[in-house]
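Written out below as structure tokens is the structure these notes cover.
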Amino acid sequence: ATLTVRADWFGYKSIGDNVVLWNTSGDQGYPLLNYEYMCGDEDPRLSDKPSKKRKKNRCIVSKRCAAEQTDRWMLVNSTTGTLFLNESVPTEAPGVTGLGTLSDQRGSAGGLCELSVQYLKAEGFPGQASNSRVYELTLDFTALAPRPWTSFSYRTQHIAVTIGERAPPLYLEAPEGELLKPERFSIACSESPSEDAFSFDITTGAATLGLYHGFTLDPVTGAIRIEPSVDMTSFFDKLTTTETLRQVTLDCAVIGHYVFNPREANPWVATALKIVLRDDSCWVNTTAWFRDIAGDIQIEATSEADCRSACRNVSNCTHFTWNSTVGECVFPRVRCDAGASSCEEVAAIEKVTDCGDRKTCFYLNYTDNWDYSGEYCPQVDSGFNGIAYQRVSVTPEDTLWLAPFDSHRDANCSAGQYLLRRTDAQKDFQEKFSAVAEFNGEVIACLDFGGDLSSLVLVR
């Protein structure tokens, strides 16, 4: 293979191919490399030989760029050759092509430039006057000033998903202006309760919890698709928690990375996102009367987590008890009335299946007007604001929606409230996959439940 080596008399510290990269948040300048040797007081290579010191040569440096605007925001010191910024890089300044993601015309400014160095030798050559120009050296380079993002966001900063269900995709919302998109995205999360189980693969974008799939972040676009695996039940069974609904809260930072120079620290930008992954079953501590529990099914288990997993996987298991003293796991079978003979009151844990927020209905007692009371069931995600519930009735006039407040459309209520409104068959629109929902019926009331309704429904 042929090895091609390129050498110049002068140069600037670059990211390759003579590309001078400017950090528009504030650079101190780029000194001209090899300047001291060519134009300094002495030859650095002879610093240990004082007798070899020479008189100072002189250099005059100038520059010109193909883009006139580049010549305005980037100047050169004619004596030392140091490049420096004269002003902040204007947002409308033109860019260059052929440099991959760095040369995005909408997010970078720059231009092709030529540096000229007139080299004047102190003693001159024979027959030539001192300080006369010996020759002119030129250096071609590219000036590049990216304009990175200063922020970005998603439609929501909080989303909760039950295992086995799929949330609508979260698409990144870029900041306004002609700015350069990050080269790649990653995510870092802390867990609560902490199990040190979160992991993210920067290559595939797969995020796992206890080796079970939780969600995927596209490393190129930053889009997030949350679809926790049903197999994550094993992880939930082992969680150290006494909550009725077992869940893990991930406090995350989605990070946009720039890779301007792999040999140096590069800028980055981040946004906060809270992701809650929930179990699909609830486990309620209760007391109930059972007949002859001593003769009921006993399961081999070494921990409460094993006992819970066994009950989860048996369809006719409604309750389980765990005696940590003797290591005994029992599934009580036959319920009976309180105080009945051959029955005993047992402290047990009750299994409630289909406990997901997108499957659980609730009964609303609206005391101001009983006509609006009834069973409301989840129907659609309301544009990432939360779940919209519907009370289905015999007639369309009595079919009602209970939807979270949307600041973009709703002026009747306040943030955090839910709007109870009638159905408008002509104007209402729901599309479940993309989480687009519009409700245009008459607003009946503004209800405040003191928090996220879907979370409150599951807890109670």
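A few notes on this one:
- Residue in the range 263-272 that is open to solvent by 50 Å² or more (accessible area, probe 1.4 Å), among the charged types (D, E, K, R) and either without any contact (Cβ under 8 Å) to a residue 12 or more places away in the chain or on the phi > 0 side of the Ramachandran plot (or both) present: yes
- Flag: Leu33 does not match the condition of being modelled with pLDDT of 85 or more, over 26 Å from Trp149 (Cβ atoms) and open to solvent by 50 Å² or more (accessible area, probe 1.4 Å).
- Within the range 169-221, the residues that satisfy the criterion of being free of Cβ contacts under 8 Å to residues at least 60 places away in the same chain, of a type in the set (Asp, Glu) and part of a loop (DSSP other than H, G, I, E, B) are Glu176, Glu195, Asp196, Asp201, Asp218.
- The residue that is surrounded by the most Cβ atoms within 10 Å (Cβ to Cβ), counting only those in the range 379-407 that are closer than 30 Å to Tyr154 by Cα and acidic (Asp, Glu), is Asp381.
- Subset tally (residues that are among the polar types (S, T, N, Q) and closer than 16 Å to Gln157 by Cβ) for the range 222-278: 2
- Which listed residue, of Tyr372, Tyr389, is among the aromatic types (Phe, Trp, Tyr) and closer than 11 Å to Leu453 by Cβ: Tyr389
- Residue, modelled with the lowest pLDDT, within the range 103-126, restricted to residues that are open to solvent by 20 Å² or more (accessible area, probe 1.4 Å) and within 40 Å of the chain's Cα centre (by Cα): Gln105
- The listed residues are Val276, Val254, Val259, and the only one of them that is open to solvent by less than 20 Å² (accessible area, probe 1.4 Å), closer than 30 Å to Ala145 by Cα and not polar (S, T, N, Q) turns out to be Val254.
- Selection count where residues are open to solvent by 50 Å² or more (accessible area, probe 1.4 Å) and either part of a strand (DSSP E or B) or modelled with pLDDT of 90 or more (or both), scope the range 366-378: 1
- Residue match in the range 185-192 (condition: farther than 21 Å from Val269 by Cβ and not small (Gly, Ala, Ser)): yes
- Flag for Asp71 being at pLDDT 80 or above and either assigned to a strand (DSSP E or B) or not hydrophobic (A, V, I, L, M, F, W, C) (or both): yes
- Scanning the range 305-328 for residues that are over 30 Å from Leu456 (Cα atoms) and not in a strand (DSSP E or B) gives Ser324, Thr325, Val326, Gly327.
- Some residue of the range 209-226 being basic (Lys, Arg) and within 18 Å of the chain's Cα centre (by Cα): yes
- Scanning the range 195-220 for residues that are among the charged types (D, E, K, R) and either open to solvent by 60 Å² or more (accessible area, probe 1.4 Å) or under 15 Å from Arg278 (Cβ atoms) (or both) gives Glu195, Asp196, Asp201.
- The range 329-351, residues that are open to solvent by 70 Å² or more (accessible area, probe 1.4 Å) and assigned to a strand (DSSP E or B): Arg335, Glu344, Glu345, Ala347
- Within the range 309-327, tally of residues that are surrounded by 12 or more Cβ atoms within 10 Å (Cβ to Cβ) and either within 18 Å of Thr287 (Cα to Cα) or among the polar types (S, T, N, Q) (or both): 8
- So Ser62, is it of a type in the set (S, T, N, Q), part of a loop (DSSP other than H, G, I, E, B), open to solvent by less than 70 Å² (accessible area, probe 1.4 Å) and at pLDDT 65 or above: no
- Among the residues listed as Thr302, Thr287, the single one being in contact (Cβ under 8 Å) with a residue 24 or more places away in the chain, not in a loop (DSSP other than H, G, I, E, B) and not aromatic (Phe, Trp, Tyr): Thr287
- Count of the range 221-240 residues, restricted to those that are open to solvent by 40 Å² or more (accessible area, probe 1.4 Å) and either modelled with pLDDT of 95 or more or not aliphatic (A, V, I, L, M) (or both), is 7.
- Filter result for Val326 (among the aliphatic types (A, V, I, L, M) and closer than 24 Å to Leu239 by Cα): yes
- Condition met for Asp354 (outside any strand (DSSP E or B) and open to solvent by 70 Å² or more (accessible area, probe 1.4 Å)): yes
The values are calculated or read from the model by the stated rules, or taken from the named source; none is laboratory data. Here the structure is a predicted model, which means the values were calculated and not measured. Positions of Cβ are backbone-derived with ideal geometry, glycine not excepted, and every protein chain shown enters the neighbour counts. The area values use the complete protein model at the heavy-atom level, side chains included, leaving out ligands, DNA and RNA. Shrake-Rupley method; radii C 1.70, N 1.55, O 1.52, S 1.80 Å.
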